[in-house]
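The values are calculated or read from the model by the stated rules, or taken from the named source; none is laboratory data. Please read these numbers as outputs of a predicted model, since none were measured by experiment. Cβ atoms come from the backbone with ideal geometry, glycine included; neighbour counts cover every protein chain shown. Surface accessibility is based on the protein's heavy atoms, side chains included, excluding ligands, DNA and RNA. Shrake-Rupley method; radii C 1.70, N 1.55, O 1.52, S 1.80 Å.
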Amino acid sequence: MPVLEAPQAQAQKKIALVGNPNVGKSLIFNHLSGSYATVSNYPGTTVGVMRGKLKVQGVQAEVVDTPGMYSLISITEEERVARSILMEGNLDLVIHVADAKNLDRMLPFTLQLIEAGFPLILCLNMADELEQRNLSINKEELQKELGIPVVLTAAVTGKGISQLKAEIQKFNQEENQREKDFFPDAFKSVLKEIQSNLKGTYPIQTHAIASLLLQEDIEAVRWVKENDSASFHAIQETINHAKTLYSHSLQYELALSRQKEVERIVNNVFVGESSKRTGFAEKLSQWMMQPLTGLPILAVVLYFGLYKFVGVFGGGTLVDLIEGGLFEGYINPFLVNLFEKIIPWQTFRDLFTGEYGVLTLGVRYAVALVLPIVGAFFLFFAMIEDSGYLPRLAMLVDRVFKKIGLNGRAVIPIVLGFGCDTMATIVTRILETKRERVIATLLLALAIPCSAQLGVILAVLAPYPSALLVWVGVIALEFLFIGYLAAKAMPGEKPSFYMELPPMRFPKISNVFLKTMSRMEWYFKEVFPLFIFASVLIWVGQVTGIFQFLVHSLEPVVQALGLPKEASVAFLFGFFRRDYGAAGLFDLNDAGIMTGVNLLVACVTLTLFLPCVAQFLVMKKEHGMKITLGISAFVLVLALGTGYVLNKLLVGIGWSF
Amino acid sequence: MRCTLCYKEFDEVEARNHCSACFLTSGCKMIKCPNCDYEMPVESAWAKKVINFFKRKKGKKHVSH
Ligand SMILES: Nc1nc2c(ncn2[C@@H]2O[C@H](COP(=O)(O)OP(=O)(O)OP(=O)(O)O)[C@@H](O)[C@H]2O)c(=O)[nH]1
Ligand SMILES: [Mg+2]
Ligand SMILES: [Zn+2]
């Protein structure tokens, strides 16, 4: 199709579409240019830059679709790509595409773009979803507040696209150059001072450069070094002085003040639910993230959620009911009887109903001990996830870590992921040198049990609250240690852990159900076969005498930890999986041969063990047998060593629970 | 599906590609958010069916009212 040439030949103009990931930039791009950029419901779809010819009558321009970016301060590679377009593109028009229903999370970037002096149109996309939620935005008011044109669109249906095109035409005719900023008064004098020292030429307004400098943007610093080398020192002084005026980083202070401004605007233009966001939920959300209030909140959540619900109710009441009542009372006697009738050979019968039989041990552990505990744990976890507490917890941990000089960014996703393959992926992705990779693997092997394992270990300790506290303390120490080493091993330059916060809300039953069941299903698929397999293996070991030999040779080790020698069986299980070992401890505790100190020492040791056989295999694949054996040996020695010291310490001071 | 940590919607197939570096992917029942690296289990198919069943039932009631 021939493109309509404008009557008089104009210079080609340049228009860029920018905005958060997954807001519909590419879809808008397709509407505007008639070309096709990949659209998918997945943030980060556009990684490169798409260019097309603008299909708007009377305007000769090239449109550029960019990867998503959250703010002018870029963190990821894709964001840098998008930003370089903004900074070097000599753009005639920037269209900020935003998600209309999340106006409050979109506007900070709009303000940044306005401050930077870009000729801007704000395109509030997903207007259809806005309508569905009975929300609306007062467009005229917003235009007045921002001083730029605002268009509401629904790119999927094409609604509003013609208005967008009309605004582009209007823009083409007018000369648009505004000076507006939303800086809080407190910063204005500092910014002015910096600005007065910026004499060179820059791609964006100098007060925006000044603001980027305050936020320690690396690229801005480089520009200023190049363009204003003479006054660079003076500028540095100004910034350093400004830093002393605030307790937080300037980046944070600026973001905070911008957020306040956004809240004011949103309250003004948003009609519907979101306008009363400064209510209790918002306050609670803030408290959760501030160390001073957040840590006590966390303690309360852990006390009721983990200790009371998972430990006491799941590990106590439910296990008693299912294990003590159902299995010991009915199922096991029935099975033992049954198998006595159908299998006359004792050895063979033991495979199923012996002391470590597939049914009496494998199935019983899986169904009667682990299921109630893990079920309760997953239920608790699903509520945490669905309420929106989890990301706030991440922010809290990050802040606490940062306060004590650790790199939260490296550890938090791993910690919160509680995943199994985390290690392999994280390690291969982030780190460059072999040394770093090995260290990271070691850290993960040591530190991160999957969530279910943690749940079971915790339930074992629940009857002894003070022992539980000590365990928490030891693990917390371990964490800090890991964080410290991780900071050393993963010196990523990603300083800030930025996350958009979902709203706080009351957990929905259907979501909680789905999450809990998904986790249970995952766990059972993974663990049940292993429990059965372990029972079979033990049986083979018993028949051949290897099992007795192993148990026997572990006895001195176990006794060195101050534990009764019967505990060596549980430790042997622990080599398979930490939770299998913990279930063994549960049994021993039921039998009444473990003291509180014993349990604590055993749990700490188990927590530090390699998580499971699978992890061992992953390590072997990643690093080869030699390193894997090395790491395993190290972890083992460290785990036993910690247990040994802890026992000596507790016995030494005469502690009992 | 939606990530439970960062709340971003993502495509499960894409997310799988994301962790192709890990050799456990073929049997792995965990899925990793491409945006924030948080790991969560793949959504259980039968549990989804149960929820849909109840939702439909509720929906019908609404219609009949
Ligand atoms: N309901 C609704 N969905 C939309 C609208 N615009 C886009 N979408 C959907 O949102 C998703 C993201 O669209 P994209 O155009 O790929 O978004 P993008 O901003 O280019 O995303 P990245 O390239 O990943 O940064 C797709 O599933 C679109 O179908 C809209 O106006 N309404
Ligand atoms: Mg795109
Ligand atoms: Zn995520």
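Just a few scattered comments:
- Per-residue ellipticity at 222 nm from helix content only, as computed over chain A with -39500 (n - 2.57) for each DSSP H run of at least four residues, stands at -19500 deg cm²/dmol.
- Approximate spin-label separation A:Ile593-A:Ala299, in nm, with each point projected 7 Å along Cα-to-Cβ: 3.8 nm
- Separation of region A:213-274 and region A:86-114, taken as the distance between their Cα centroids, equals 17 angstrom.
- Charge sum, other residues only, whose C-beta stays under 13 Å from A:Glu323's C-beta, Lys/Arg counted +1 and Asp/Glu -1: -3
- Net charge over other residues, Cβ less than 13 angstrom from the Cβ of B:Ala47 (K, R count +1; D, E count -1): +3
- Pairing chains A and B buries close to 3400 square angstrom of accessible surface in total, based on protein heavy atoms and a 1.4 angstrom probe.
- Proximal lysines to A:Lys620, defined as alpha-carbon separation beneath 27 angstrom and excluding residues fewer than eight positions away on the same chain: A:Lys434, A:Lys488, A:Lys525, B:Lys29, B:Lys32
- Taking chain A and dividing mean pair separation by its residue count, relative contact order in percent (alpha carbons under 8 Å, at least six apart): 10 percent
- Dipole magnitude of region A:565-657, debye to nearest 20 (Cβ charges: Lys/Arg +1, Asp/Glu -1, about Cα centre): 360 debye
- The 3J(HN,Hα) values that the Karplus relation (6.51, -1.76, 1.60; θ = phi - 60°) gives for region A:542-550 are, in residue order, 5, 4, 8, x, 5, 4, 4, 4, 5 Hz. Gly and Pro appear as x.
- For the pair A:Glu129 and A:Val271 in one chain, pulling the backbone fully straight at 0.36 nm per residue adds 49.7 nm over the alpha carbon distance.
- Axis angle, to the nearest 10 degrees, between helix A:291-301 and the longest C-alpha principal axis of chain A: 40 degrees.
- Acute angle (nearest 10 degrees) that the helix A:77-88 long axis makes with the longest principal axis of chain A, alpha-carbon atoms: 10 degrees
- Annotation: lysines with alpha-carbon distance below 26 angstrom to A:Lys199 (same-chain offsets under eight excluded): A:Lys180, A:Lys188, A:Lys225, A:Lys243.
- Rel. contact order, % - alpha carbon contacts under 8 angstrom, at least six apart, region A:289-412: 36 percent
- Around A:Ala127: net Lys/Arg minus Asp/Glu count, Cβ-Cβ under 13 Å: 0
- C-alpha center-to-center spacing [region A:555-629, region A:307-337] in angstrom: 23 Å
- 3J(HN,Hα) from dihedral phi, region A:508-522, Karplus parametrisation 6.51/-1.76/1.60, rounded to Hz, x for glycine, proline: 8, 4, 5, 5, 4, 4, 4, 5, 4, 5, 4, 5, 4, 4, 4
- In this structure, the pairs whose alpha-carbon distance is over 19 Å, taken from A:Lys508/B:Lys49; A:Lys283/A:Lys515; A:Lys53/A:Lys144; A:Lys25/A:Lys165; A:Lys14/A:Lys165; A:Lys25/A:Lys55, are A:Lys283/A:Lys515; A:Lys53/A:Lys144.
- The angle between the Cα long axis of helix A:332-342 and the main principal axis of chain A comes to about 60°, on a 0 to 90 degree scale.
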